[in-house]
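For reference, the structure is listed below as structure tokens.
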Amino acid sequence: MPPQIEVVRADGSLIPFVMACERRPGYESLVGRWDEARHGAAVQDGRHAYFIGRVAGEPMGFAILRDWASPEQVTLLKRIAVMHPGKGYGRALLAGIVDRVFEETDAWRLWLGVFPENEAAPWASGPRGWPAAAPFSAAHILTSS
């Protein structure tokens, strides 16, 4: 059974959690990292949306989306990471993020930046029943139906 994840919009107070998560061992080449000033600017710029995935009220992962509610109706999942990989949290967080994008914005396309060598990525086996592409290219597109 997939873990129950609550996906909530984050503000600047959660930047320390985001930075700790993106700095987990082994994430440096798969997730990307920003310093506190860059995260602070992104949280405030109106172009980025930060989300935190929580399990039993505790943060377990995050996602950063660029071009949230853009007039072009295309959003990019810039970054997604979880504190404890391999437990289904990433897949559940991704599913929650996809739901939020297509339910709360007029977006009709969601771009996912994918590292082909990231075999543990939540989309590697096709999230929410979507077929997995093998191998993934540098980007994968989900569209609303």
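Relative to the present Cα-Cα distance, how much length would full extension add between Ser13 and Glu104 at 0.36 nm per residue of separation?
Between Ser13 and Glu104, full extension yields 30.5 nm more.
Using Cα pairs closer than 8 Å and at least 6 residues apart in sequence, work out the relative contact order for the stretch 35-117, in percent.
Computed value for the stretch 35-117: 25 percent relative contact order.
So, counting K/R as plus one and D/E as minus one, what does the shell of residues with Cβ under 11 Å around Val74 add up to?
Result for the local shell: -1.
Residue by residue through the stretch 6-12, what is 3J(HN,Hα) from phi via Karplus (6.51 cos²θ - 1.76 cosθ + 1.60, θ = phi - 60°)? Round to whole Hz and write x for glycine and proline.
Couplings: 9, 9, 10, 5, 9, 10, x Hz.
Once you list every other residue whose beta carbon is under 13 Å from the beta carbon of Tyr89, what net charge do they have if Lys and Arg are +1 and Asp and Glu are -1?
Once positives and negatives cancel, what remains is +2.
Read-outs throughout are calculated quantities, based only on the coordinates presented, and are distinct from any laboratory measurement. Since this is a predicted model, take the numbers as computed values, not measurements. Neighbour counts are summed over all protein chains in view; Cβ atoms, including those assigned to glycine, are modelled from backbone coordinates with ideal geometry.
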